[in-house]
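The values are calculated or read from the model by the stated rules, or taken from the named source; none is laboratory data. Remember, it's a predicted structure, so these values are computed and weren't measured experimentally. When we count neighbours, we look across all protein chains shown, and the Cβ atoms used for this are built from the backbone with ideal geometry, even at glycine. The accessibility values were calculated without ligands, DNA or RNA, using every heavy atom of the protein model including side chains. Shrake-Rupley method; radii C 1.70, N 1.55, O 1.52, S 1.80 Å.
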Amino acid sequence: MNLRDLLLRIRALVAPRRVERELDDELAFHIERETQKHISSGLSPIDARTRALARFGPVPLAADQCRDARGTGFVDDLARDIFYALRTFRRAPLSALTIVATVALGLGLVTAVFAVYSVFMLRVDAVRSPGELFAVQMVQRAGPGTDPYVFFTRDDYDAMRRETSVFTDAFAIQDYAGPVEGRLARAAFVSGNFFQLLGVQAALGRPLLPEDDERGAARPVIVLSGVGWRKLFRGDRTVIGRTVVINGAPHEIVGVMRDGFRGLGITPPDYWAPLALAEQSRDEATGPTDKNIVEVIGRLKPAISREAARAALALWVSGRPEFNRRPGSPMQVRLTPRQGTLSFDDIETQLLFVPLFFAFGLILMIGCANVANLLLARGLSRQREIGIRLSLGASRPRIIRQLLTESLLLALAAAACALLVSRLFLEGALSAVMTTIPPDFVAAVSLLNLAAPAADWRLLMFLVAGAVVSTVFFGLAPALQATRLDLVRVARGEVTRDARPRRARRSLIAVQVAASALLLICAAIFLRGAFAAATTDPGVRTSDTVMVNIDDEARRAANLQILRAHPLVAIVAASSPSKRGVIETSVSPSRMSVDQLAASSEYFTVIGLDLVSGRGFTQAERTADAGVVVVSQSIARQLWPGGGGIGQVVRLEVASSTSPGGPLLSAAEARSAKVARSLTVIGIVRDRGRASEKSHPVYLPTGPESPGTELLLRVRGNPEQARMALLERLTGLDPAFGILTLRTTSGMQTYLLQIAFGLTVVLGGLALVLTVSGLFSVLSYLVEQQAKEIGVRMALGAATKHVAELVLSQSLRPVGIGLAAGGALATAVAIVLMTTPAGAEIAAVVDVFDPAAYAASALVIATASLIAVSVPTLRAARIDPIAILRKD
């Protein structure tokens, strides 16, 4: 098909009367030309007209041949199919609305997941030539389990701009969070060429300029994002020129960016400020030795390939001594596309969407199965109509196309409704999260500027594709089955009874029940997990403990001094995140996997872990070089069943490049696959409740002064009031602070399980409602269609019990098969889940093979199914055979 044919078909669709008039005129012209030709050869006008008509044949047939040759016949048939489908919907509006609502619900939920996926992975930021933007990353592996990324400083960024020529220009960016006139806001410090390089202009005022970012003389100005403008100033258009206080200093608002500009982030910050302001504020607080870590993003020159640019930057990095002094493997340079989306190389992030698509897709599958079952049942009532059309010469493909057109129109209407469903679902989910999240985390979540994604062309294309796929799922099988008729029997008015529709209906019911069972089992598992997490003793003291994270290591000593002097702080302890390792004794080959934690001498007192035997760390034992270790009871029981673990020497292998709380290891140690050391057991501490069932911790010494450790504070009085007082005291000096109560952090596990339970129970409930409604509607329709057969059976002496058994047999068997399949599928999913790291973490919190969850879900589905089939069964049992026979 060429462009001319496509244009003709489009004209035939949008202006059918004009195209038909032109076709009639063209045929009349050719017939007249042929008539004049015969007149000039000596025939009379009447004979010439007759011969011309004989030459072209019947005019309607010639017109059809012309339409087929031009391809406009397909458009004409499509228009007829559409009008015929609309007339069909008008005759049965309730059935059409039911189909639209069912498909819209499932398609809307899947669209909601795709909308989030689109924001993270597909929706490129609205900047000039985003495909030319690449982030420069330096990677070096110093040892197993270490962070491989080496970060740039502002000095490195300036040197790269001066000494390399792979980019037309590059900018630096640094994320930041702090108060704006008392309200916590998310910001980005950027170099002065940020907006100029991206090619964006402000909606109000002006963007930042290079002269705003002069080092040592930066202007205290900010530019608001569209989100920050509404969040902080309620969209006030007179905000330009206003002065606001940020961290105690006045800043002038010089611009507001347009909506849709995110600054190459997944979500936009509230405002942008010159990068030099961050340097000035840190220099005033900590001195010029503090380095600002920045991300560097450049616009690649058109004539330079990505590989050539990477090689040139690697050569530049190899010539800088500050990078080459670091121990470890050779430095590598990566160029990662930065377009305002997550990288497609991040497989773990993409895999997070797989269970969501699967769970929400189950709802769509159940809805399609429900609609297919309904269409199969409706096919019985349309046998006479379809049989007559086939008898009059319509081909089977033509009838199938007509039925698929009806299904596609319903699916497109459902897609339009699905857009609204997805929007309502996302806004409802965000509102539910923001209203139920623990108060300590509200500020952190609100900083992300979360909002329901707006519709764009990707979302619309996904909806159209979803409508087409849904049409195939729920419309193709009924269309094929409806056209498989015995025309002789249909002509006599007999309804064809075929075993294949029954098998199809039962299979669809079984599929629906299996999907419902899977979702309800997941909901029950998460519910029991959340209940267990909420009622189980966490094993540590949470009532008066506060956690403090220090991101600015240069201010650690000053902040420690403030905390120790604060009247609400009783004890200051420290710990570091756990790392996996292996421990073995020196007297036996026993080896076991452990979790290594670094803990200060005050740690066990603060969190309430009692020593079973031995002693804890002393003040002199502040690093792992002290050669001592404290182990948990679970480890002692396995390594020394007879007791006597105190004083034993163990060998600890840990995948790490640093000693917890100690100095950097040598380059030879860092390059080794495992770091092993011999340690003396000085104490055995009790297990941390349920957590020790899955993990076996060992504790090495550290101190609050050690970089990278988090602080644990025993506070006096109410821990929440103490947290707020400390937050108010410390964030005024250092905004890079996070303070949480231990009760809140331990409760986050329960909250996440509650979120998972709420989501799965909503999906499971929807699946159950769709399954039950589908079962009820199909059985009710079949009872209505089988009224004559049931009446004859009862007239011939069939008991009411036998009639009820007949109706029940049409539903209970596929329900039982679906329950068995759903349980087997849930078990298979749990087994596969256990093989993944994320699944292992989930299994550590919940019992994925909980028999009570499986049994409760099966009981709920069986009860709901019995209720659904009871009404059609009673209706069938009450059929009056005399009335049925008299009507026929």
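For the stretch 412-431, give me each residue that is among the aliphatic types (A, V, I, L, M) and open to solvent by 50 Å² or more (accessible area, probe 1.4 Å).
Within the stretch 412-431, L412, A416, L419, L420, L424, L430 qualify.
When you look at R326, is it open to solvent by 30 Å² or more (accessible area, probe 1.4 Å) and modelled with pLDDT of 85 or more, yes or no? First the steps, then the outcome.
On the way: open to solvent by 30 Å² or more (accessible area, probe 1.4 Å): yes; modelled with pLDDT of 85 or more: no.
Criteria not met by R326.
Every residue, every condition in (1) in contact with a Leu (Cβ under 8 Å, 6 or more places away or on another chain); (2) among the basic types (K, R); (3) within 30 Å of A530 (Cα to Cα); (4) modelled with pLDDT of 85 or more, yes or no:
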{"residue": "G822", "(1), (2), (3), (4)": "yes, no, yes, yes"}
{"residue": "A844", "(1), (2), (3), (4)": "no, no, yes, no"}
{"residue": "A864", "(1), (2), (3), (4)": "yes, no, yes, yes"}
{"residue": "A868", "(1), (2), (3), (4)": "yes, no, no, no"}
{"residue": "K887", "(1), (2), (3), (4)": "no, yes, no, no"}
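Can you give me the number of residues within the stretch 491-532 that are at pLDDT below 80 and either closer than 28 Å to F776 by Cα or touching a His at 6+ places or on another chain (Cβ under 7 Å) (or both)?
14
Can you go through R743, R729 and tell me which one is of a type in the set (K, R), closer than 20 Å to T545 by Cα and either touching a strand residue (DSSP E or B) at 6+ places or on another chain (Cβ under 9 Å) or modelled with pLDDT under 70 (or both)?
The match here is R743.
Rundown of residues vs (1) of a type outside the set (F, W, Y); (2) over 21 Å from L275 (Cβ atoms); (3) not in a strand (DSSP E or B), yes/no style:
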residue	(1), (2), (3)
A112	yes, yes, yes
M121	yes, yes, yes
V127	yes, no, yes
Y157	no, no, yes
F171	no, no, no
A177	yes, no, no
F189	no, no, no
G192	yes, no, yes
L204	yes, yes, no
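Which one of these does P148 not meet: (1) modelled with pLDDT of 85 or more; (2) open to solvent by 10 Å² or more (accessible area, probe 1.4 Å)?
So P148 meets the others, but not (1).
So Y271 clears everything in (1) farther than 30 Å from L122 by Cβ; (2) at pLDDT 85 or above except one condition, right? Which one?
Y271 satisfies every listed condition except (1).
Show the residue pairs that are 6+ apart or on different chains and have beta-carbon atoms under 7 Å apart, the first residue being within the stretch 97-119 and buried (at least 20 other Cβ atoms within 10 Å of the Cβ), the second being modelled with pLDDT under 90 and not in a helix (DSSP H, G or I).
Sorted first by the residue in the stretch 97-119, then by its partner, the pairs are A115/P453; V119/I266; V119/P453.
If a residue must be of a type outside the set (G, A, S) and exposed (fewer than 15 other Cβ atoms within 10 Å of the Cβ), how many such residues does the stretch 159-202 contain?
The total comes to 8.
For the stretch 576-637, which strands (runs of 3 or more DSSP E) that fit wholly inside it have 3 or more residues that are in contact (Cβ under 8 Å) with a residue 40 or more places away in the chain and touching a Leu at 6+ places or on another chain (Cβ under 9 Å)?
591-599, 628-632
Would you check if I39 is open to solvent by less than 80 Å² (accessible area, probe 1.4 Å), at pLDDT 85 or above and not basic (K, R)?
yes
Any residue in the stretch 365-380 that's basic (K, R): show its pairings with residues that are open to solvent by 20 Å² or more (accessible area, probe 1.4 Å) at Cβ separation under 9 Å, as long as the two are six or more apart or on different chains.
Final answer for the pair search is R378/A92; R378/S95; R378/Y781.
Would you confirm whether or not the stretch 798-817 contains a residue that is open to solvent by 60 Å² or more (accessible area, probe 1.4 Å), closer than 18 Å to L362 by Cα, in contact with a helix residue (DSSP H, G or I) (Cβ under 8 Å, 6 or more places away or on another chain) and in contact (Cβ under 8 Å) with a residue 60 or more places away in the chain?
Of the stretch 798-817, the ones open to solvent by 60 Å² or more (accessible area, probe 1.4 Å) are 800-802, 805, 812-813, 817.
Of the ones still in play, those that are also closer than 18 Å to L362 by Cα are 817.
This time we only want the ones that are in contact with a helix residue (DSSP H, G or I) (Cβ under 8 Å, 6 or more places away or on another chain), so: 817.
Now narrow it down to the ones that are in contact (Cβ under 8 Å) with a residue 60 or more places away in the chain: 817.
Yes, the stretch 798-817 contains at least one residue that is open to solvent by 60 Å² or more (accessible area, probe 1.4 Å), closer than 18 Å to L362 by Cα, in contact with a helix residue (DSSP H, G or I) (Cβ under 8 Å, 6 or more places away or on another chain) and in contact (Cβ under 8 Å) with a residue 60 or more places away in the chain.
Return yes or no: is E34 surrounded by 11 or more Cβ atoms within 10 Å (Cβ to Cβ) and modelled with pLDDT of 80 or more? First the steps, then the outcome.
On the way: surrounded by 11 or more Cβ atoms within 10 Å (Cβ to Cβ): yes; modelled with pLDDT of 80 or more: yes.
Yes; evaluated as a whole, the condition is true for this residue.
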